[in-house]
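Heads up, the thing below is written out as structure tokens.
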Amino acid sequence: MTRPTLSCVCLALLPLWLACGSVSPRDPVDDDPFDPGGRPGGGGYGSGSGMSDGPPMCSESQRRCEHEFSYPGKGDEQSVELRGDFRPDGWSRGEPMKWEGGAWRVRVPVPWQAKVLYKFRILDKDGKEVWLPDPNNPEGEPDGFGGQNSVLRGVTCARWTCAPPVPMCAGPTAGTFDWRDAVLYFVFVDRFLDGNPGNNAPVSAPGLKAAANWQGGDWAGVTRKIREGYFQALGVNTLWLSVPMDNTDATGIGDDGELYTAYHGYWPRDLNKTERRFGTEAELRTLVDEAHRAGMKVLVDYAMNHVHKDSPIYQMHRADGWFNPLQQMGQDCICGQGICGWDGPYSKTCWFRDYLPDFNFANADARRFSVGNAVEWLQRIGLDGYRLDAVKHIELSWLLDLRARLTAEVEPRTNQHVYLVGETFSGNRDLLRSFVDPCRMLDGQFDFPLRAEVVSKLLMRQGRMQDLVAFVQSNKDFYGSGVMSTFLGNHDVPRVIHFAQDRPLWDSAWAGGRERSWMNQPARVSEQSAYERVALGMTLLMTIRGVPLIYYGDEIGLPGAGDPDNRRFMQWSNYSAGQQWLLERMKKLGALRAQHAVFRRGDLKTLSQTDDTWAYEMAEGAARAYVVLNRSDTERTVGGLPAAMLRDELSGERLTGPEVRVPPRGARVLLP
Ligand SMILES: [Ca+2]
Ligand SMILES: [Ca+2]
Ligand SMILES: [Ca+2]
């Protein structure tokens with residue numbers, strides 16, 4: 001989608017409180033092909049009620065005055081933006097300015113008689129970025145990074161507008177927790193730690209193999225690891241738990257012809273109950289409370305697309321339009337079969353399997369039920385957000401409704417933006433981006449396209465490093481105000497360690513690896529070099545923006561081919577030297593990211609690149625950090641760094657720029 005520039009021409013034509021104030025700089029309403037037409041509420045200033053002669057009625061705290069900001073400039077700048085606290089997310093999301101009458105200008109509503117801090121973010125004609133205070137405003141104060149913010153004070157006006165009485169979405173960077181700071185760990189509950197053998201209940205069925213059966217992991221086990229500080233030691237501050245809702249006891253044939261149980265959580269049955277094999281609802285609450293006490297957030301997987309056919313909600317509504325019929329266009333419409341492709345016209349109405357009835361969210365009652373169920377779980381358990389499964393297979397209205405209800409009902413009570421991260425398993429960045437809009441839809445998605453680039457260029461050593469550099473440069477602002485989750489592995493792709501072997505087990509980063517899921521399964525990797533390459537990939541993800549995701553076990557290079565072999569039970573002891581080394585390196589990277597905001601929020605700039613090496617700077621305000629990656633199997637000397645003494649946080653060595661040596665398959669994380 002294109003990003004319309006905010007133009008305030010409309011101010012002359014409409015009453016102020018209906019005009020530009022409600023339009024955010026990248027509001028996609030007009031050109032979003034997925035937009036169903038209505039805004040679900042929240043979202044901005046000035047959705048006030050009708051016109052009158054005088055100013056509208058509202059308390060002073062809600063009054064807003066139009067104020068024109070201007071920056072003299074030269075007129076040859078690529079762009080100039082206003083940044084500041086004139087709006088809750090105004091520091092992270094700028095207001096584009098327009099060149100008019102010899103200056104860059106923009107009019108925005110500012111709070112009545114309040115102090116407003118602001119700055120201009122300028123991209124000059126060469127694309128260089130600078131942040132400057134207002135040269136025409138003598139009043140400023142230190143910005144905490146060695147520079148100055150400009151200060152605007154006490155603006156009042158005769159014709160004010162009113163901030164909406166409805167709660168406003170502040171976005172993922174505002175609130176008590178800035179989601180850019182999140183580091184995520186995916187606990188695949190059934191396979192993590194068995195904290196209570198008393199709730200184990202594997203299914204017995206002829207032909208059912210252990211890898212497809214329940215294996216005993218539970219919430220008590222996760223809680224134990226929170227108490228032991230396992231996640232915190234990795235720098236993890238957010239957990240993603242597999243689906244907690246009751247799942248069926250039945251077995252079903254998977255798309256590979258094998259018999260499966262619902263150990264993964266994606267066959268929900270009673271949407272009002274927790275899964276007994278994972279523990280009681282009280283145990284889930286204990287887990288969340290313990291996580292919160294430890295300063296961690298908790299997301300759970302929510303599978304909204306379908307239920308299992310045993311589900312009471314399906315039994316009640318199988319014939320009244322709540323579910324798409326299995327028969328469509330004269331065939332059983334199973335996703336991926338015949339006319340019912342995973343993409344295309346039936347992608348939202350097809351059934352994943354013939355025992356997984358597909359919700360029809362075009363039906364308002366079905367949608368209200370399902371969105372209400374998601375809101376209810378969030379509030380009842382005290383969750384901080386959702387990982388939303390299979391986003392491209394549901395009607396967009398579901399997502400719009402969920403976000404609107406979270407903004408209106410949940411966030412005002414928690415003063416915390418609810419993080420929604422979606423799964424859209426695709427390399428199509430435009431498709432991924434079409435769902436990313438933190439105040440209307442998703443905060444972010446799992447960055448599958450980035451994963452493919454990192455795995456192929458850093459771990460498999462395909463192509464050239466420059467290809468990865470170009471991709472990351474083009475990707476870093478691609479999703480606008482979205483906060484994407486970056487990752488190397490998850491439960492749908494082969495274990496990352498095998499892509500990093502001296503001879504990778506597959507020749508494409510997109511390989512599913514399922515030909516080895518049930519036979520010829522890979523053993524634990526012995527070569528140290530593979531662990532070093534995984535660490536190299538994680539060094540990149542842990543030193544650039546995004547929410548890095550660690551898939552359980554990847555911190556020790558757990559082996560496994562495609563689904564379900566990539567979901568082996570977690571290994572808690574008897575680490576090999578390579579595993580132990582990787583675990584220690586992951587802790588180091590986690591600590592560095594936690595200590596230095598520049599990695600989480602900074603801007604990336606490439607300093608040098610060759611076929612095998614890459615040096616980049618991360619900068620935020622006055623803070624600087626430098627990262628150098630070497631994917632080759634020989635030591636390399638890499639240039640482009642500052643000619644100064646730098647400390648390598650990974651090795652503890654002191655090095656002097658502008659050139660530094662980097663070990664084979666190694667990295668430097670340098671601080672001044
Ligand atoms: Ca158990
Ligand atoms: Ca169950
Ligand atoms: Ca669907």
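We did not get these values from a lab; they are worked out from the coordinates using the rules stated. The structure presented is a predicted model; accordingly, all values stated were derived computationally and were not measured. Note that we place each Cβ from the backbone using ideal geometry, even for glycine, and neighbour counts take in every protein chain shown.
With contacts taken as Cα pairs under 8 Å and at least 6 residues apart, the range 149-237 reaches a relative contact order of 28 percent. With a ≥ b ≥ c taken as the square roots of the eigenvalues of the C-alpha gyration tensor of the range 102-249, please select rounded if a/c is under 1.5 and otherwise prolate if a/b is larger than b/c or oblate if it is not? Prolate, because a/c is 1.5 or more and a/b exceeds b/c. Scoring 572-580, 335-343 by mean Cβ neighbours within 10 Å over their residues and listing the highest first yields 335-343, 572-580. Among 368, 624, 191, the order by Cβ neighbours within 10 angstrom, fewest to most, reads 368, 624, 191.
Residues 370, 397 in ascending order of nearby Cβ atoms (within 10 Å, fewest first): 397, 370. Taking every DSSP beta bridge that has both ends in the chain, the antiparallel portion is near 70%. Stokes-Einstein diffusion for the range 600-671, with the hydrodynamic radius set to the Kirkwood value over Cα pairs and evaluated at 10 °C in a medium of 1.306 mPa s, equals 132 µm²/s. Length gained on full extension, residue 227 to residue 659: 151.2 nm, using 0.36 nm per residue less the C-alpha separation. The protection proxy used here, the mean number of other Cβ atoms lying within 10 Å of each residue, ranks peptides 419-429, 506-516, 127-137 as follows, highest first: 419-429, 506-516, 127-137. Note on the range 374-399 and the range 115-148: Cα centroid distance 39 Å, given to the nearest whole angstrom.
Given 25 °C and 0.890 mPa s, compute D for the range 202-245 with the Stokes-Einstein relation, Rh being the Kirkwood radius over Cα pairs; round to the nearest whole µm²/s. D = 191 µm²/s.
Across the range 554-672, the mean sequence separation of Cα contacts (distance under 8 Å, 6 or more residues apart), normalised by length, yields a relative contact order of 18 percent.
For residue 643 and residue 603, what is the calculated FRET efficiency with R₀ set at 25 Å and r taken between the beta-carbons, to the nearest 0.05?
0.70
Ignoring aspartates and glutamates fewer than eight residues from residue 115 along the same chain, the ones with Cα atoms less than 12 angstrom from its Cα are 85, 139, 141. Residue ranges 247-256, 492-501, 475-484, 145-154 sort as 492-501, 475-484, 247-256, 145-154 when ordered by packing (mean number of other C-beta atoms within 10 Å per residue, highest first). Take the Kirkwood radius over Cα pairs of the chain, plug it into Stokes-Einstein at 25 °C and 0.890 mPa s, and you get 92 µm²/s for translational diffusion. May I ask you to list the residues of the range 105-148 whose amide nitrogen lies under 20 Å from a point 7 Å from Cα along the Cα→beta-carbon direction of residue 470? Under 20 Å, as judged by backbone N against the label point of residue 470, lie 127 of the range 105-148.
Let me have the relative contact order for the chain, percent, based on Cα pairs under 8 Å that are six or more residues apart. It would help to have the intermediate numbers written out before the result.
Working: 1451 pairs, mean separation 68.0, N = 672.
Relative contact order for the chain comes out at 10 percent.
Longer than 31 Å from Cα to Cα, which of 125/297; 392/457; 273/588; 297/392; 98/605 are they? Say none if no pair is. Result: 125/297; 273/588 exceed 31 Å. You can think of it this way: the chain between residue 205 and residue 272 has 21.4 nm of extra reach, that is 0.36 nm per residue less the Cα-Cα gap. Residue order for 453, 653, fewest other beta carbons within 10 angstrom first, comes to 653, 453.
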